[in-house]
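First up is the structure itself, then whatever we jot down about it.
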């Protein structure tokens, strides 16, 4: 099971995270919540498209 949580501008308070949680950051830059949703969805779409063996980029 995979859950994605979008943190605030300063990320998550590490004392509030359960042990064993893996953190992933999309960039060193700070994005709005709306932009992060778009970036994350695009990356998931890209990954699933590649895993299915479909071409992601048009020639």
Q | Helix 33-51 axis, angle to the chain major axis (alpha carbon atoms, nearest 10°) | A | 50 degrees
Q. Using 7 Å Cα-to-Cβ label points, what is the residue 44/residue 23 separation (nm, one decimal)?
A. 2.2 nm
Q) Mind listing the Cα extents of the chain along all three principal axes, in Å, largest one first? A) 46, 25, 16
Q: Within 10 Å, count the other beta carbons around each residue, average over each peptide in 37-46, 7-16, and list them highest first.
A: 37-46, 7-16
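A short reminder: the numbers here are calculations on the coordinates, not readings from a lab. Since the structure is predicted, the reported quantities are computational estimates derived from the model, not experimental observations. As a convention, Cβ positions derive from the backbone with ideal geometry for all residues, glycine included, and neighbour counts pool all protein chains shown.
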